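Before any comments, here is the structure.
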Amino acid sequence: MTDQLIESAKILIVDDHKLIVDGLNSLLAEVNGLSVEGLFTNPEMALGKIKSSDIDLLITDVNMPGIDGFQLIQEAKKSKPSLKCIMVSMYNNEETIAKAKKLNANGYLLKNVGKTELIKAIKEVLDGNNYFVLEHSSFQKLEEPKDTIDVELSKRESDILQMISEELTTNEIAEKLFLSPNTIETYRRRLFIKLEVKNVAGLVKKGIKYNLIS
């Protein structure tokens with residue numbers, strides 16, 4: 001591919017399997033405008049490189065020893081909030097993508113992705129969009145800023161939804177808001193109805209999908 005994606009975009013690739021790192025590097029080596037600045041099988045070392053270098057895009061695995069891909073993105077974003085991040089994983093499920101989105105990852109691809117799709121995802125992310133893909137799923141190519149839901153939550157409902165996503169119990173939420181546990185349960189049931197879900201897992205998933213949870 002000879003078309004330039006973006007001027008002087010610097011990329012870091014992290015995966016605990018050297019074969020994957022080398023494979024991604026080889027796919028991107030001849031793409032104009034992209035410069036692979038580091039290949040790491042150790043996420044801790046990669047984090048040090050991110051903190052000390054001007055990196056535009058992090059491409060990382062999910063499951064790694066030490067700190068995993070989620071922790072890596074979280075720490076990297078703390079150091080450099082503008083850093084773009086794409087996760088490349090073998091996990092083909094919506095729950096993993098939901099977690100990636102919650103941590104402000106900008107993209108998610110499966111490890112069997114082809115060169116064309118990989119480059120397309122990188123271009124979209126570097127252009128300021130999000131790019132999330134699963135196989136055989138309506139979850140494909142979701143762009144977070146465009147996700148909307150026709151429901152309005154009150155300030156109290158939003159606060160309680162946020163606390164539920166942070167795994168606070170009913171009693172803990174009640175204590176923080178100076179309300180009774182029964183009142184919190186009433187709000188919880190109201191959220192189930194408004195978001196059309198049956199349990200807390202569904203509540204959190206929809207909250208993440210529609211940007212109701214920070």
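Okay, here's what the table says:
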| quantity | calculated |
| --- | --- |
| Among 117-124, 166-173, 56-63, the order from most to least packed when residues are scored by Cβ within 10 Å on average | 56-63, 117-124, 166-173 |
| Where chymotrypsin sites (Phe, Trp or Tyr not before Pro) fall in DSSP loop in the stretch 164-211, at most 11 other Cβ within 10 Å | 178 |
| Spacing of the two label points (7 Å from each Cα toward its C-beta) at residue 189 and residue 152, in nm | 2.4 nm |
| Between helix 181-195 and the chain: long-axis angle, C-alpha atoms, 0 to 90°, nearest 10 | 60 degrees |
| Proxy reagent accessibility, fewest Cβ within 10 Å first, across 116, 41 | 116, 41 |
| Fraction of alpha-carbon pairs over 29 Å apart in the chain - percent | 33 percent |
| Taking the chain and dividing mean pair separation by its residue count, relative contact order in percent (alpha carbons under 8 Å, at least six apart) | 14 percent |
| Gain on full stretching of the segment that runs from residue 49 to residue 104 - 0.36 nm per residue minus C-alpha separation | 17.8 nm |
| Ranked packing of 179-185, 104-110, most packed first, by mean Cβ within 10 Å | 104-110, 179-185 |
| Fewest-first sequence of 198, 84, 176 by Cβ atoms within 10 Å of each Cβ | 198, 176, 84 |
| Kirkwood Rh, Cα atoms: Rg over Rh of the stretch 24-67 | 0.97 |
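Taken together, the values in this text are just the output of simple stated rules run on the coordinates, not laboratory data. These numbers come from a predicted model, not from an experiment. Cβ sites come from the backbone with ideal geometry, for glycine too, and all protein chains shown count toward neighbours.
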